[in-house]
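Reviewing the structure listed below.
The values are calculated or read from the model by the stated rules, or taken from the named source; none is laboratory data. If you're wondering where the values come from, they're calculated on a predicted model, not measured in any experiment. Here Cβ is always computed from backbone atoms with ideal geometry, including for glycine, and neighbour counts include all displayed protein chains. Please note that ligands, DNA and RNA were not included when accessible areas were found on the heavy atoms of the full protein model with its side chains. Shrake-Rupley method; radii C 1.70, N 1.55, O 1.52, S 1.80 Å.
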Amino acid sequence: MTVNTRERLWWKQAVIYQIYPASFCDSNGDGIGDLPGITSKLDYIASLGVDVIWICPMYDSPQVDMGYDISNYEDVYRPYGTVQDMETLIQETHARGMRIMLDLVINHTSDQHAWFKESRFSKDSPKRDWYIWRPAKYSPSGERLPPNNWRSNFGGGSAWEWDELTQEYYLHLFATEQPDVNWENPETRKAIYASAMEFWLERGVDGFRVDTVNMYSKPPTLPDAPIVDPETPYQPAGMIYCNGPRMHEFLSEMNVILEKYGAITVGELPCTPDTQRVLKYVSAKAKQLNMVFQFDIVDIGMGKTHKFATTPRNFRLSDFKAAVDLTQALIRGTDGWSTVFLENHDQARSVSRFTDDRPEYRVRGAKLLALMQACLSGTQYVYQGQEIGLVNVPKESYPIENYLDIDSTQFYTMVQERYGADNKAELAKAFDAIQYLARDHARVPIPWNGKAKYGGFSEAAEKAGTEVKEPWMKPHPLAGEINVASQLDDPSSVLAYWRKMLRFRQDHAHLLVYGDFKDLLPEDESLFMFVKESEHDRDRVLVVLNFTPMEKTWSVPNPAKLGVAESSELIPIMSTHSGKSRIEMVAMKT
Ligand code: GLC
Ligand code: CA
């Protein structure tokens, strides 16, 4: 297939803005973000050039994993609002010409969901088989053991929990309070579709971001994972339990419903480094998902045995470029589609991870990454706060006690248990990794106004004279320097640059959104130089990005390498800076 036949569809060209309800905007001063807060910022979001908003889970939940543990799909977590507030948000989003996607979390529920409570109650419960129960194994010495050696995704413990009441284990790939649903049971699947999908599709939502989409189907024998961490009995098992044998059957079944409503989907696809495997989910012909989030880029610099078993900036630029190439390769000569993202609620801030976040460099770093993303093919995602160049919370002003995410706290506890709570060296190493990679960085309340209380997180309530509580998570210590209000009217701000970039991307969509990507210097450890080409015309875009804090010289590649005629001329069309003295990055069109 040639690029000529790459089908153009609205959602391919869309910009999708992700919102984390707890931390976006607090309307009533209780220190917790809420749905009316989101509604109050829709004009701001629309002004960025956004087409779709995606809201992280706002469902009823005990919040063990910030709403990814759902106790009722058909209600809203009360501090965020009500179903009626959701209806208003849906309506107001549509009124501004935007669409709205929700997070579909159906690999597991909360242990407080009525289905699990019933399942847990007795072995004869009609819902026993709605979850994954197994008898214990026993060691030769008679010690009770879980059914296999899988490690849960949080901390270092087993993915199985022993239940005293009925004397069996249940599976939870994530927290103990997030039991995995048994997708093998058709009755369960039907109930999920009705409660989690149709309830909201009927209320007008336009699509779903599908959480952990490749974990529904487990390998039937639940085999042990290979041992990569000999210090513990429990092993990372993602490569075993992801992409199980019935995945595509389940997705086809879901699609019957999605198609009825014209809903779009983007699936979260961890543990799938193989492009051919990814394609099975996003090939247009296969009718499974519209898009997926691959992990190649965001996994960069993470530890092998455990995400946090690493040191900051433990990767080379060539690794980063190879990962970008993998996601771009997904559409080369195929009918698949890709996504462009560096951030979400599970990732630390991209400026801190991939560039230099020291005060003198962070604005340049944010613009560099904005330009890079605007020039990559696939549907573009922007995470709240990314548009103002938010960086990780600093080490000195944000102690470990401020980190609240279960992923961070369970890792830190594991290190304490393994090495001793007084092992300063190991704890310092753990804190370094958390300061670099924790999900908390993305979950710090948005600083709307550096001059208002708590960075303006509850500004509307404060203005209305309501007493404002401290946010649920300590505010960003740099809220005075990096906030929305100070960037709104500043043409040199990161915010202004993102707006410009999102327009620029649309203006050259045939190359930037739909074009084919070619890395010209894959081995270079300072520069990222790539070309975008389209069969629609002979134009090429050359993008040159300097990932070092130093000045770099570079020369224009010869026409043959660019795939253009000898006589072609290169015209600069975009830069991150106006002065000519420093060439940090440029995009040029032939
Ligand atoms: C996904 C979510 C993450 C959550 C996990 C369990 O990875 O993005 O936030 O913890 O699933 O639902
Ligand atoms: Ca609130």
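Of note:
Residues are listed down the side, and each one gets a yes or a no for (1) more than 22 Å from Glu259 (Cα to Cα); (2) in contact with a strand residue (DSSP E or B) (Cβ under 8 Å, 6 or more places away or on another chain); (3) charged (D, E, K, R):
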position: Lys287; (1), (2), (3): no, no, yes
position: Met291; (1), (2), (3): no, yes, no
position: Phe295; (1), (2), (3): yes, no, no
position: Arg313; (1), (2), (3): yes, no, yes
position: Arg316; (1), (2), (3): yes, no, yes
position: Ser338; (1), (2), (3): no, yes, no
position: Ser352; (1), (2), (3): yes, no, no
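- Matching residues, segment 7-24, being open to solvent by 10 Å² or more (accessible area, probe 1.4 Å) and either within 16 Å of Ala374 (Cα to Cα) or polar (S, T, N, Q) (or both): Trp11, Lys12, Gln13
- Set Tyr234, Tyr216, Tyr193: member being among the aromatic types (Phe, Trp, Tyr) and buried (at least 22 other Cβ atoms within 10 Å of the Cβ): Tyr216
- Residue count for segment 48-102, restricted to those that are in contact with a Leu (Cβ under 7 Å, 6 or more places away or on another chain), at positive phi and more than 16 Å from ligand 2 (Cβ to nearest atom): 1
- Residues of segment 103-134 that are over 25 Å from Asn214 (Cα atoms), open to solvent by less than 80 Å² (accessible area, probe 1.4 Å) and in a loop (DSSP other than H, G, I, E, B): Ser122, Ser125.
- Options Ser125, Ser139, Ser110, Ser119: the member that is modelled with pLDDT of 95 or more and within 30 Å of Tyr419 (Cβ to Cβ): Ser139
- Scan of segment 237-248 for residues that are touching a strand residue (DSSP E or B) at 6+ places or on another chain (Cβ under 8 Å) and open to solvent by less than 20 Å² (accessible area, probe 1.4 Å), ordered by number: Ala237, Tyr241
- Of everything listed in (1) open to solvent by 10 Å² or more (accessible area, probe 1.4 Å); (2) under 30 Å from Gln380 (Cα atoms), the single unmet condition for Lys463 is (2).
- Unique residue being without any contact (Cβ under 8 Å) to a residue 60 or more places away in the chain, away from ligand 1 (no atom under 14 Å from the Cβ) and not in a loop (DSSP other than H, G, I, E, B) when the list is Asn255, Asn243: Asn255
- Checking segment 56-70 against the condition returns no match, with no residue being more than 16 Å from ligand 1 (Cβ to nearest atom) and touching a strand residue (DSSP E or B) at 6+ places or on another chain (Cβ under 7 Å).
- The residues in segment 503-515 that are open to solvent by less than 20 Å² (accessible area, probe 1.4 Å) and touching a helix residue (DSSP H, G or I) at 6+ places or on another chain (Cβ under 8 Å) can be counted, and the count is 7.
- Within segment 301-316, tally of residues that are open to solvent by less than 20 Å² (accessible area, probe 1.4 Å) and either in contact with a helix residue (DSSP H, G or I) (Cβ under 6 Å, 6 or more places away or on another chain) or in a helix (DSSP H, G or I) (or both): 2
- Verdict on Ile132 being more than 16 Å from ligand 1 (Cβ to nearest atom), on the phi < 0 side of the Ramachandran plot, touching a Lys or Arg at 6+ places or on another chain (Cβ under 9 Å) and not hydroxyl-bearing (Ser, Thr, Tyr): no
- Only listed residue being under 22 Å from Tyr17 (Cβ atoms) and either of a type in the set (Gly, Ala, Ser) or open to solvent by 50 Å² or more (accessible area, probe 1.4 Å) (or both), chosen from Lys500, Lys451, Lys518: Lys500
- Scan of segment 345-389 for residues that are of a type in the set (Phe, Trp, Tyr) and either within 29 Å of Ser283 (Cβ to Cβ) or open to solvent by less than 10 Å² (accessible area, probe 1.4 Å) (or both), ordered by number: Tyr381, Tyr383
- Residues satisfying the stated conditions in segment 449-471, i.e. charged (D, E, K, R) and either in a helix (DSSP H, G or I) or within 16 Å of ligand 2 (Cβ to nearest atom) (or both): Lys453, Glu459, Glu462, Lys463, Glu467, Lys469, Glu470
- Selection status of Ile446, of a type in the set (A, V, I, L, M, F, W, C) and within 16 Å of ligand 2 (Cβ to nearest atom): yes
- Residue match in segment 67-80 (condition: closer than 26 Å to Val444 by Cα, open to solvent by 10 Å² or more (accessible area, probe 1.4 Å) and of a type in the set (Gly, Ala, Ser)): yes
- Qualifying residue in segment 369-377 (condition: small (Gly, Ala, Ser) and without any contact (Cβ under 8 Å) to a residue 24 or more places away in the chain): no
- Within segment 163-177, one or more residues are under 23 Å from Glu253 (Cβ atoms), part of a loop (DSSP other than H, G, I, E, B), at pLDDT 95 or above and open to solvent by less than 80 Å² (accessible area, probe 1.4 Å).
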